[in-house]
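Single-structure report; data block below.
Nothing in this text is a laboratory measurement; each read-out follows from the coordinates by a stated rule. Everything numeric here is computed off the predicted structure, so don't read it as measured data. Cβ sites come from the backbone with ideal geometry, for glycine too, and all protein chains shown count toward neighbours.
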Amino acid sequence: MAHEHKLEIFRGLVKFKSNTQKIWGVLVFLTLVTTVEVILGIYKPESLMAKFIGMKILNWIFIILTLVKAYYITWDFMHMRDEVKALRRMVVWTAIFLIIYLIFILLQEGGYIEGVYAKGFIKRDF
Amino acid sequence: MSNTVVTTDVEVKTWGGGNEPLKASYGKMMMWFFIVSDALTFSGFLAAYGFSRFKFIEYWPIADEVFTHVPFLHGQELPMIYVAFMTFVLIMSSVTMVLAVDAGHHLNKAKVTVYMLLTIIGGLIFVGSQAWEWSTFIKGDHGAVQTKGGNILQFVNTEGHRVALRDFVVAGSHERVQQDSKNGLWFVSESTLPTYTVEEVIQGLESHKDILVRTQTINEHGHKTVLSREESLKQLKNNGKVVVEGANLHVNEYGSPLFADFFFFITGFHGFHVFSGVIINIIIFFNVILGTYEKRKSYEMVEKVGLYWHFVDLVWVFVFTFFYLV
């Protein structure tokens, strides 16, 4: 088995000398992202509370940063970067497609029921 | 004639076995496919959480107000700090795991051993933290009153800070004794009775003029609605039904019982994954020490459990976001 690792992250912007170095580099990046999330979560800046496509901008930032973290965990810790294209697509595309489908359907339905509770004749405040 | 022979040759090469179009061994590939299916299970849980939250979007508990405790720092409100620590521990143990895999590629037994041990310790710290988080959540902090409609009424002072029931309610003598199956009918045992009765809470609220009721409804500023003094008394007297302390699968002092249910199911399922991951890591750790992979001249087993361990970390990243941040 070949143990060749692709040592570039950020589309070649950062290139590490060895695999061990890359691991520490990715750790630094992940820690940074988590710190940003925690700081935003504690202070909740008022400017990010505006709604954008049905959700607060802050929540969109959290979700995007989570996906960024997930990408680097999968690509560098799980070595997805070094796998062949076919395996990568089999795993990633399948999961992403099914999860997006599930989330869309459930959130759509949840929003609908919320509407029924709010605008229908269902009393909740007692 | 010679043409036919050549074709047969190619066929032997393609279909004769030993071919690895994905350049991954059977075990590793199957680990990936297991991870895909497990990821779908977790996203089922998280999407169901999203469903319930969207359903009660105006009433859902605010996570920052629920998870504010840090061990050894009693009574201080430090939202997110401890979960952030847990996240960091798990990411760190993921790093030691990937370093173990890397050392395995260089057939460096000593290094693999050390890094596996560190990974196991990280996993144990995480599981322990989660147990602590659970027990804090179950025990609760301030206490609340549940209404007939299943809504939660919490208590705040005029500055909007939470007030615990024990700070303004005086427990009287109770006539109701907890029903045990050993002294009652065997099928009518019940859970622990709350420290106070609703009447005592009403008396406490009447005698403390500076305490108000806070409902579950989130106002346009993203805060829970605080009722006026008259409204508070009226709401509590008319609708108060049970005193709730802490959380379980039926009631939850922090708000919707569904919040507690999902908390227990999702973090519990994840904690179970971490726990089994630690067990598997321990098995592999001993195999490394015994030199099983040294003899095999391949540390691929470490890589496979590594995939599982990273996956557990990956799931936590999402649980962290959807339970504690969003």
Of all trypsin sites (Lys or Arg not before Pro) in region B:205-306, the ones in DSSP coil with at most 11 other Cβ atoms within 10 Å are B:Lys209, B:Lys297
How tilted is helix A:19-43 with respect to the longest principal axis of chain A? Cα atoms for both, answer in degrees (0 to 90, nearest 10).
20 degrees
Looking only at region A:72-106, which residues have a backbone nitrogen under 18 Å from a spot 7 Å from the Cα of B:Ser25 in the C-beta direction?
A:78-80, A:82-84
Just grab the label-to-label distance for B:Phe72 and A:Ile39, each label 7 Å out from Cα along the Cβ direction, in nm (one decimal).
2.6 nm
Starting from the Cα of B:Phe272, step 7 Å along the direction of its Cβ; do the same at A:Ile64; then give the gap between the two resulting points in nm.
3.6 nm
Would you calculate, for chain B, the mean residue ellipticity at 222 nm contributed by helices, counting each DSSP H stretch of 4 or more residues as -39,500 (n - 2.57) and dividing by all residues, to the nearest 500?
-18500 deg cm²/dmol
Among A:His79, B:His174, B:His310, which comes first, second and so on when ranked by fewest other beta-carbon atoms within 10 Å?
B:His174, A:His79, B:His310
Amide H partners (placed H, <5 Å) of B:Val244, local residues excluded:
B:Ala144, B:Val145, B:Gln146
May I ask you to list, by number, the DSSP H helices of chain B whose Cα span along the axis is at least 24 Å and whose average Kyte-Doolittle hydropathy reaches 0.0 or more?
B:26-55, B:81-105, B:109-139, B:268-290, B:300-319
Taking only Cα atoms, what is the 0 to 90° angle, nearest 10, from helix A:85-119's long axis to the longest principal axis of chain A?
10 degrees
Stretched fully, the stretch from B:Trp15 through B:Gln178 gains (0.36 nm per residue minus C-alpha distance, one decimal, in nm) 51.5 nm
The lysines whose Cα lies under 27 Å from the Cα of B:Lys209, excluding any fewer than 8 residues away in the same chain, are B:Lys148, B:Lys224, B:Lys234, B:Lys237, B:Lys241
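Mind checking the mean number of beta-carbon atoms from other chains within 10 Å of the Cβ atoms in B:93-99?
Working: counts 0, 7, 7, 1, 2, 11, 5.
That average works out to 5.
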Mind checking B:103-114 for the average number of partner chain beta-carbons within 10 Å of each residue's beta-carbon?
1
Angle between chain A longest axis and helix A:57-72 axis [Cα atoms, degrees, rounded to 10]
30 degrees
Considering lysine pairs in chain A that are 8 or more places apart or on different chains, how many have Cα atoms under 19 Å apart?
8
Can you tell me how much longer the chain between B:Ile57 and B:Ile282 gets when fully stretched, taken as 0.36 nm per residue apart minus their C-alpha distance, in nm with one decimal?
76.7 nm
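I'd like the FRET efficiency for B:Ser189 and A:Val84, computed as 1/(1 + (r/R0)^6) with the beta carbon distance as r and R0 of 51 Å, rounded to 0.05.
0.30
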Taking 0.36 nm per residue of separation and subtracting the Cα-Cα distance, what length does fully extending B:Arg296 through B:Arg166 add?
40.5 nm
